[in-house]
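Everything below concerns the one structure shown next.
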Amino acid sequence: MTHYKGSCHCGAVAFEIDGDIENVIECNCSICIRRGHKLWFVNKADMKFSTDEEALQGYQFGKKHITHRFCKTCGTPMFSDGAFEDYIKAGINLRCIEDLDLEALTCIQYDGASK
Ligand SMILES: [Zn+2]
């Protein structure tokens, strides 16, 4: 288990999480492909925010099952979570994690564009 710190560009959103980064998803859906996401799915309750969650803005499209959250100030996409309360997972944008070797990650290609 490793301790990770995530933050947006301006610092208005910061969180910490303990875990093992695995099953990293690269998705080709219309939003992931534009954002260049490498996603790590965690239980959202495990994300410990050291900043005000009000600093986040949500964006939904299509079936509106997922809320894509980004910093209101600098626009950095941080994570996406389910619009339903019983959906406990969040997909963290690993590009927000500090000091992470993104090139070393093995990624699973997910065909979100066809879903
Ligand atoms: Zn920011």
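Whenever you get a sec, compute what percent of the accessible area on the chain sits on carbon and sulfur atoms (1.4 Å probe). Please list the in-between numbers first.
Working: 3310 of 6970 Å².
Looking at the chain in its full context, I get 47 percent from C and S.
Rounded, prolate or oblate: which fits region 2-110, taking a ≥ b ≥ c as square roots of the Cα gyration tensor eigenvalues, rounded meaning a/c under 1.5, else prolate when a/b beats b/c?
Numbers: a/c = 1.29, a/b = 1.03, b/c = 1.26.
Rounded shape, in that the Cα axes give a/c under 1.5.
Hey, if we sort Met47, Met1 by accessible area with the 1.4 Å probe, largest down, what's the order? Intermediate results must be reported in sequence, preceding the final value.
Numbers: Met47 10, Met1 165 Å².
Result of the area sort, largest leading: Met1, Met47.
Give me the distance in nm between label points sitting 7 Å out from Cα along the Cα-to-Cβ direction at Asn28 and Tyr87, one decimal.
According to this spin-label approximation, the distance is 2.2 nm.
Counting only heavy atoms of protein chains, what accessible area per residue, in Å², does the chain have with a probe of 1.4 Å? The partial results should precede the final answer.
Numbers: 6970 Å² over 115 residues.
That works out to 61 Å² per residue.
Probe 1.4 Å, all protein chains in place: accessible area of Glu16 in Å², nearest 10?
My reading of the accessible area for Glu16 is about 60 Å².
Just read off the accessible area of Leu102 with the full protein assembly in place, 1.4 Å probe, to the nearest 10 Å².
40
The values are calculated or read from the model by the stated rules, or taken from the named source; none is laboratory data. Not measured: the values here are computed from a predicted model. No Cβ is skipped: glycine too gets one built from the backbone with ideal geometry, and neighbour counts run over all protein chains shown. Side chains are part of the model used for accessible areas, which takes the heavy atoms of the whole protein and leaves out ligands, DNA and RNA. Shrake-Rupley method; radii C 1.70, N 1.55, O 1.52, S 1.80 Å.
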